Amino acid sequence: MTFNRPSPSGLTRLPPKATDSILISDRSTVYVIDDDTEMREFVVILGRSIGLEVKAFASPLDFLETYDGRRPGCILLDLIMPGIGGLEAQQRFTEDGIDLPVILLSGYGDIASAVRGIKAGAAEFLEKPVSRHVLLEHVQRCLAQDAERAKAAAATRDLRDRFAALSRREAEILESIVEGRSSREIGDLLGISAKTVSIHRGNLLKKTGARSTGQLIGMTLAAWG
């Protein structure tokens, strides 16, 4: 395959994209998995020209051997490769809990496989050769998407940590609050006074950081579904 590889000097003059303003974690990494050396070099030069961290792999197995699961980012994945192809690799990623956005690449116009990949969760499909402007736009969009996912996951972990710190009694009262019971009903259920329930309710708000009972219920549902 041949690519119109841009020179480093040409890359620095790329016009700004709308997605450039999106906050992307400085730990974000673009992982390109392609058996084509020229394509890997193209992506590395392109990404690093605008300050992105790029790591290149000749096969999905090489990627799986080194990825530690802690860095946010996105994956550029070739559909057609010797050994493990893009669709099988995508399945392996899912089985291994790797939920980075995947951009599928193909130089063979394999639309049927691309559709299967999208249905399996891939974020995008691009046909080779792809222009540097289009590739950067899609990469930055996926990086922003993963940054939002990581932010939401961190918020959920924080909520669960707060709820894990509740006492057994507080957890029982919280369950009843979510079920819509009043303080008097909760007191009757647990054999305590409504006043004691109100005290526990206040402690729940303090420990979780909720400003109201309604927000407390919303936070509980967000943390545990």
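Observations
- For the chain, the longest site-free run once trypsin sites (Lys or Arg not before Pro) in DSSP loop states with at most 10 other Cβ atoms within 10 Å are removed: 71-210
- Inter-label distance, residue 154 to residue 112: 4.4 nm, where each label sits 7 Å from its Cα along the C-beta direction.
- In the set (1) 20.5; (2) 18.9; (3) 19.7, the label that goes with Kirkwood radius over Cα pairs in Å computed for this structure is (1).
- In this structure, residue 94 and residue 62 have a Cβ-Cβ separation that, at R0 = 30 Å, corresponds to a calculated FRET efficiency of about 0.95.
- The order of 200, 133, going from fewest to most other C-beta atoms within 10 Å of their C-beta, is 133, 200.
- Look at 68, 62 and count the other Cβ atoms within 10 Å of each Cβ; fewest to most, that gives 68, 62.
Quick note: the coordinates plus some simple rules give every number you see, no bench work behind them. None of these values were measured; they are calculated from a predicted model. Positions of Cβ are generated from backbone atoms using ideal geometry, with glycine treated the same way; all protein chains shown enter the neighbour counts.
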